[in-house]
Amino acid sequence: MTLGSHLTPLARSHIVQSDVVFAGLSDGIVEAWLQRMHPDVRSLQSYYREGKSRQTTYREWVEVMMTELRAGKRVCGVFYGHPGIFAWSPHKVIETARAEGYAAHMEPGISAEDCLYADLGIDPGRFGCQHFEASQLLLFERRLDTAGYVVLWQVGHVGDRSLARFTTGPAYRQVLVDLLSQDYPLDHEVIVYRAATLPIQQPRVRRVALRELPHIELPAEETVVLPPARTLTPNRAVQARLAELDALEEAGVPA
Ligand SMILES: C[S@@+](CC[C@H](N)C(=O)[O-])C[C@H]1O[C@@H](n2cnc3c(N)ncnc32)[C@H](O)[C@@H]1O
(Lines give C-alpha, C1' and ligand atoms only; values in the text may rest on other atoms or scores of the structure.)
Protein backbone atom coordinates (compact mmCIF):
# COMPACT_ATOMS: atom_id res chain seq x y z
CA MET A 1 0.00 0.00 0.00
CA THR A 2 2.73 2.47 1.00
CA LEU A 3 5.71 2.56 -1.33
CA GLY A 4 8.73 0.69 0.01
CA SER A 5 7.68 0.14 3.58
CA HIS A 6 4.80 -2.28 3.00
CA LEU A 7 6.52 -4.77 0.71
CA THR A 8 7.33 -7.93 2.65
CA PRO A 9 10.79 -9.48 2.26
CA LEU A 10 9.18 -12.64 0.85
CA ALA A 11 7.17 -10.69 -1.74
CA ARG A 12 10.33 -8.82 -2.73
CA SER A 13 12.20 -12.08 -3.20
CA HIS A 14 9.42 -13.46 -5.47
CA ILE A 15 9.60 -10.29 -7.56
CA VAL A 16 13.36 -10.42 -7.91
CA GLN A 17 13.46 -14.13 -8.73
CA SER A 18 10.73 -14.16 -11.37
CA ASP A 19 11.39 -13.92 -15.13
CA VAL A 20 8.63 -11.42 -15.78
CA VAL A 21 6.67 -9.10 -13.48
CA PHE A 22 3.16 -7.79 -14.18
CA ALA A 23 2.19 -4.68 -12.27
CA GLY A 24 -1.40 -3.92 -11.31
CA LEU A 25 -0.54 -0.81 -9.33
CA SER A 26 -2.56 2.33 -8.80
CA ASP A 27 0.37 4.71 -8.78
CA GLY A 28 2.94 5.53 -11.47
CA ILE A 29 5.57 6.34 -8.84
CA VAL A 30 5.16 2.90 -7.26
CA GLU A 31 5.46 1.34 -10.70
CA ALA A 32 8.69 3.25 -11.40
CA TRP A 33 10.05 2.04 -8.07
CA LEU A 34 9.16 -1.56 -8.99
CA GLN A 35 10.98 -1.16 -12.29
CA ARG A 36 14.20 -0.51 -10.37
CA MET A 37 13.75 -3.93 -8.76
CA HIS A 38 13.35 -5.96 -11.96
CA PRO A 39 14.35 -5.42 -15.62
CA ASP A 40 11.07 -6.76 -17.10
CA VAL A 41 8.11 -5.07 -15.38
CA ARG A 42 4.98 -4.87 -17.57
CA SER A 43 2.24 -2.49 -16.57
CA LEU A 44 -1.34 -3.75 -16.52
CA GLN A 45 -2.73 -0.21 -16.20
CA SER A 46 -2.95 0.37 -19.97
CA TYR A 47 -5.67 -2.30 -20.25
CA TYR A 48 -8.11 -0.01 -18.40
CA ARG A 49 -10.24 2.24 -20.56
CA GLU A 50 -13.24 4.41 -19.75
CA GLY A 51 -16.23 2.72 -21.37
CA LYS A 52 -14.60 -0.75 -21.35
CA SER A 53 -15.87 -3.25 -18.81
CA ARG A 54 -13.43 -3.82 -15.97
CA GLN A 55 -14.35 -7.48 -16.17
CA THR A 56 -12.92 -7.58 -19.73
CA THR A 57 -9.76 -5.87 -18.49
CA TYR A 58 -9.39 -8.32 -15.61
CA ARG A 59 -9.81 -11.32 -17.94
CA GLU A 60 -7.14 -9.85 -20.20
CA TRP A 61 -4.79 -9.53 -17.23
CA VAL A 62 -5.27 -13.23 -16.47
CA GLU A 63 -4.60 -14.09 -20.12
CA VAL A 64 -1.37 -12.07 -20.44
CA MET A 65 0.00 -13.59 -17.24
CA MET A 66 -1.02 -17.10 -18.32
CA THR A 67 0.58 -16.62 -21.76
CA GLU A 68 3.98 -16.05 -20.16
CA LEU A 69 3.47 -18.92 -17.74
CA ARG A 70 2.57 -21.28 -20.59
CA ALA A 71 5.73 -20.13 -22.36
CA GLY A 72 7.71 -21.54 -19.44
CA LYS A 73 8.43 -18.30 -17.58
CA ARG A 74 8.29 -17.71 -13.84
CA VAL A 75 5.64 -15.04 -13.55
CA CYS A 76 4.96 -12.64 -10.69
CA GLY A 77 1.87 -10.41 -10.56
CA VAL A 78 2.25 -7.41 -8.28
CA PHE A 79 -0.93 -5.74 -7.07
CA TYR A 80 -1.21 -2.94 -4.58
CA GLY A 81 -2.44 -3.63 -1.06
CA HIS A 82 -3.32 -7.28 -0.52
CA PRO A 83 -3.58 -9.00 -3.91
CA GLY A 84 -6.51 -11.09 -2.74
CA ILE A 85 -8.69 -8.30 -1.32
CA PHE A 86 -11.28 -6.79 -3.65
CA ALA A 87 -9.24 -8.07 -6.57
CA TRP A 88 -10.54 -10.64 -9.06
CA SER A 89 -7.58 -11.34 -11.36
CA PRO A 90 -5.03 -12.48 -8.76
CA HIS A 91 -7.42 -15.16 -7.47
CA LYS A 92 -8.44 -16.15 -10.99
CA VAL A 93 -4.92 -16.42 -12.39
CA ILE A 94 -3.84 -18.64 -9.50
CA GLU A 95 -6.92 -20.84 -9.97
CA THR A 96 -6.28 -21.07 -13.74
CA ALA A 97 -2.59 -21.80 -13.32
CA ARG A 98 -3.26 -24.57 -10.82
CA ALA A 99 -5.96 -26.08 -13.03
CA GLU A 100 -3.35 -26.30 -15.80
CA GLY A 101 -0.87 -28.02 -13.47
CA TYR A 102 1.40 -25.09 -12.59
CA ALA A 103 2.46 -24.27 -9.05
CA ALA A 104 0.97 -20.91 -8.09
CA HIS A 105 0.71 -19.09 -4.83
CA MET A 106 -0.44 -15.77 -3.34
CA GLU A 107 1.67 -13.72 -0.95
CA PRO A 108 -0.44 -11.63 1.43
CA GLY A 109 0.17 -7.89 1.50
CA ILE A 110 -0.78 -4.92 3.63
CA SER A 111 -4.23 -3.89 2.49
CA ALA A 112 -6.10 -0.59 2.72
CA GLU A 113 -8.07 -2.50 5.36
CA ASP A 114 -4.97 -3.01 7.51
CA CYS A 115 -3.98 0.64 7.19
CA LEU A 116 -7.51 1.70 8.05
CA TYR A 117 -7.49 -0.21 11.34
CA ALA A 118 -4.16 1.36 12.25
CA ASP A 119 -4.89 4.93 11.13
CA LEU A 120 -8.44 5.12 12.47
CA GLY A 121 -7.77 3.19 15.67
CA ILE A 122 -10.40 0.56 14.90
CA ASP A 123 -10.22 -2.97 16.26
CA PRO A 124 -12.62 -5.10 14.18
CA GLY A 125 -12.90 -7.51 17.10
CA ARG A 126 -14.47 -4.93 19.39
CA PHE A 127 -17.90 -4.59 17.80
CA GLY A 128 -17.44 -6.65 14.63
CA CYS A 129 -16.84 -5.29 11.16
CA GLN A 130 -18.63 -5.94 7.88
CA HIS A 131 -17.05 -5.21 4.52
CA PHE A 132 -19.05 -4.64 1.36
CA GLU A 133 -18.33 -3.68 -2.18
CA ALA A 134 -20.57 -0.59 -2.36
CA SER A 135 -22.36 -1.51 -5.60
CA GLN A 136 -23.08 -5.01 -4.35
CA LEU A 137 -24.75 -3.46 -1.32
CA LEU A 138 -27.08 -1.59 -3.68
CA LEU A 139 -27.77 -4.42 -6.08
CA PHE A 140 -28.47 -7.20 -3.60
CA GLU A 141 -30.45 -7.61 -0.40
CA ARG A 142 -27.90 -7.46 2.42
CA ARG A 143 -28.29 -7.09 6.16
CA LEU A 144 -26.24 -4.38 7.80
CA ASP A 145 -25.23 -4.82 11.41
CA THR A 146 -25.31 -1.26 12.73
CA ALA A 147 -23.87 -2.32 16.09
CA GLY A 148 -20.54 -2.96 14.37
CA TYR A 149 -18.40 -1.13 11.82
CA VAL A 150 -19.43 -1.24 8.19
CA VAL A 151 -16.70 -0.63 5.62
CA LEU A 152 -17.71 0.26 2.06
CA TRP A 153 -15.23 -0.23 -0.76
CA GLN A 154 -15.31 1.26 -4.24
CA VAL A 155 -17.79 3.99 -3.32
CA GLY A 156 -16.21 6.18 -6.03
CA HIS A 157 -18.02 4.19 -8.70
CA VAL A 158 -20.97 2.96 -6.65
CA GLY A 159 -23.94 1.84 -8.72
CA ASP A 160 -21.97 1.46 -11.95
CA ARG A 161 -23.74 -1.57 -13.41
CA SER A 162 -21.77 -1.30 -16.67
CA LEU A 163 -18.46 -1.89 -14.81
CA ALA A 164 -17.11 0.51 -17.40
CA ARG A 165 -17.04 3.85 -15.63
CA PHE A 166 -14.16 5.17 -13.53
CA THR A 167 -16.52 7.23 -11.36
CA THR A 168 -20.22 7.75 -10.79
CA GLY A 169 -21.66 11.02 -9.63
CA PRO A 170 -23.65 12.42 -6.70
CA ALA A 171 -26.97 10.93 -7.91
CA TYR A 172 -25.55 7.42 -7.58
CA ARG A 173 -24.12 8.14 -4.16
CA GLN A 174 -27.51 9.54 -3.18
CA VAL A 175 -29.00 6.09 -3.92
CA LEU A 176 -26.43 4.64 -1.53
CA VAL A 177 -27.26 7.22 1.13
CA ASP A 178 -30.99 6.56 0.72
CA LEU A 179 -30.40 2.86 1.25
CA LEU A 180 -28.14 3.44 4.25
CA SER A 181 -30.66 5.85 5.76
CA GLN A 182 -32.98 2.87 6.29
CA ASP A 183 -30.51 1.79 9.00
CA TYR A 184 -28.61 4.95 9.97
CA PRO A 185 -29.70 8.49 10.86
CA LEU A 186 -28.74 10.99 8.16
CA ASP A 187 -26.57 12.90 10.63
CA HIS A 188 -24.56 9.75 11.44
CA GLU A 189 -20.87 10.59 11.11
CA VAL A 190 -19.11 8.56 8.41
CA ILE A 191 -15.39 8.44 7.79
CA VAL A 192 -13.95 8.85 4.31
CA TYR A 193 -10.49 7.36 4.39
CA ARG A 194 -7.44 7.26 2.19
CA ALA A 195 -4.29 5.41 3.26
CA ALA A 196 -0.94 6.96 2.40
CA THR A 197 0.62 5.42 -0.71
CA LEU A 198 3.86 7.40 -0.51
CA PRO A 199 6.01 7.62 2.65
CA ILE A 200 5.86 11.42 2.53
CA GLN A 201 2.04 11.42 2.65
CA GLN A 202 -0.28 11.39 5.63
CA PRO A 203 -3.48 9.36 5.62
CA ARG A 204 -6.49 11.43 4.59
CA VAL A 205 -9.34 11.18 7.09
CA ARG A 206 -12.55 13.13 6.57
CA ARG A 207 -15.56 12.90 8.84
CA VAL A 208 -18.87 13.96 7.30
CA ALA A 209 -22.55 13.47 8.04
CA LEU A 210 -24.06 10.61 6.03
CA ARG A 211 -26.32 13.10 4.20
CA GLU A 212 -23.19 14.90 2.90
CA LEU A 213 -21.70 11.85 1.22
CA PRO A 214 -23.13 12.55 -2.26
CA HIS A 215 -21.84 16.12 -2.21
CA ILE A 216 -18.15 15.69 -1.43
CA GLU A 217 -15.48 14.76 -3.97
CA LEU A 218 -14.72 11.10 -3.48
CA PRO A 219 -11.80 9.68 -5.49
CA ALA A 220 -11.76 6.01 -6.49
CA GLU A 221 -9.05 5.14 -3.98
CA GLU A 222 -11.05 6.18 -0.91
CA THR A 223 -12.94 3.87 1.44
CA VAL A 224 -15.96 4.78 3.56
CA VAL A 225 -16.38 3.60 7.14
CA LEU A 226 -19.65 3.69 9.04
CA PRO A 227 -18.96 3.54 12.78
CA PRO A 228 -21.50 1.76 14.99
CA ALA A 229 -24.83 3.51 15.31
CA ARG A 230 -26.17 1.60 18.31
CA THR A 231 -24.89 -0.35 21.28
CA LEU A 232 -24.69 -4.13 21.27
CA THR A 233 -27.98 -5.79 22.19
CA PRO A 234 -27.53 -8.67 24.66
CA ASN A 235 -28.87 -12.02 23.44
CA ARG A 236 -30.71 -12.95 26.64
CA ALA A 237 -31.81 -16.39 25.42
CA VAL A 238 -28.27 -17.53 24.60
CA GLN A 239 -26.88 -15.97 27.79
CA ALA A 240 -29.49 -17.90 29.82
CA ARG A 241 -28.62 -21.12 28.02
CA LEU A 242 -24.88 -20.65 28.72
CA ALA A 243 -25.71 -19.86 32.38
CA GLU A 244 -27.55 -23.19 32.60
CA LEU A 245 -24.52 -25.00 31.16
CA ASP A 246 -22.24 -23.21 33.65
CA ALA A 247 -24.54 -24.24 36.51
CA LEU A 248 -24.44 -27.87 35.34
CA GLU A 249 -20.64 -27.79 35.12
CA GLU A 250 -20.41 -26.29 38.61
CA ALA A 251 -22.68 -29.05 39.88
CA GLY A 252 -20.31 -31.63 38.34
CA VAL A 253 -22.81 -32.78 35.70
CA PRO A 254 -20.96 -33.38 32.37
CA ALA A 255 -22.37 -31.07 29.67
C1 LIG B 1 -9.93 -2.82 -6.40
S2 LIG B 1 -9.91 -2.44 -4.70
C3 LIG B 1 -8.27 -2.91 -4.30
C4 LIG B 1 -7.97 -3.04 -2.83
C5 LIG B 1 -6.56 -3.52 -2.55
N6 LIG B 1 -6.35 -4.86 -3.07
C7 LIG B 1 -6.23 -3.52 -1.07
O8 LIG B 1 -5.86 -4.59 -0.54
O9 LIG B 1 -6.28 -2.48 -0.43
C10 LIG B 1 -9.97 -0.71 -4.74
C11 LIG B 1 -10.60 -0.11 -3.52
O12 LIG B 1 -9.70 -0.23 -2.44
C13 LIG B 1 -9.82 0.89 -1.60
N14 LIG B 1 -8.53 1.61 -1.63
C15 LIG B 1 -7.61 1.59 -2.59
N16 LIG B 1 -6.58 2.40 -2.28
C17 LIG B 1 -6.88 2.93 -1.08
C18 LIG B 1 -6.22 3.85 -0.22
N19 LIG B 1 -5.06 4.38 -0.52
N20 LIG B 1 -6.84 4.16 0.93
C21 LIG B 1 -8.04 3.65 1.27
N22 LIG B 1 -8.70 2.79 0.51
C23 LIG B 1 -8.13 2.43 -0.66
C24 LIG B 1 -10.94 1.76 -2.15
O25 LIG B 1 -12.17 1.38 -1.52
C26 LIG B 1 -10.92 1.36 -3.60
O27 LIG B 1 -12.16 1.61 -4.23
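Computed values, structure above
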item: Candidates 101, 125, 148 - the one that is out of contact with any Lys or Arg (no Cβ under 6 Å at 6 or more places or on another chain), at positive phi and away from the ligand (no atom under 12 Å from the Cβ); result: 101
item: Considering residues of segment 17-27 that are open to solvent by less than 60 Å² (accessible area, probe 1.4 Å) and either touching a His at 6+ places or on another chain (Cβ under 6 Å) or outside any loop (DSSP other than H, G, I, E, B) (or both) only, the residue nearest to the ligand (Cβ to nearest atom); result: 24
item: Condition check for residue 190: open to solvent by less than 20 Å² (accessible area, probe 1.4 Å), closer than 23 Å to residue 142 by Cβ, outside any helix (DSSP H, G or I) and within 16 Å of the ligand (Cβ to nearest atom); result: yes
item: Near pairs, Cβ below 6 angstrom, 6+ apart or cross-chain, from segment 174-186 (under 18 Å from residue 147 (Cα atoms)) to any residue that is open to solvent by 10 Å² or more (accessible area, probe 1.4 Å); result: 183/144; 183/146; 184/229; 186/211
item: Residue, least open to solvent (accessible area, probe 1.4 Å), within segment 142-176, restricted to residues that are within 20 Å of residue 50 (Cα to Cα) and among the aromatic types (Phe, Trp, Tyr); result: 153
item: Restricting segment 34-59 to residues that are within 21 Å of the chain's Cα centre (by Cα) and part of a helix (DSSP H, G or I), the residue that is nearest to residue 102 (Cα to Cα); result: 59
item: Residue among 108, 90 that alone is within 12 Å of the ligand (Cβ to nearest atom), open to solvent by 60 Å² or more (accessible area, probe 1.4 Å) and touching a residue at least 12 places away in the same chain (Cβ under 8 Å); result: 108
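The values are calculated or read from the model by the stated rules, or taken from the named source; none is laboratory data. The structure presented is a predicted model; accordingly, all values stated were derived computationally and were not measured. Note that we place each Cβ from the backbone using ideal geometry, even for glycine, and neighbour counts take in every protein chain shown. Surface areas here come from the heavy atoms of the whole protein model, side chains and all, with no ligands, DNA or RNA. Shrake-Rupley method; radii C 1.70, N 1.55, O 1.52, S 1.80 Å.
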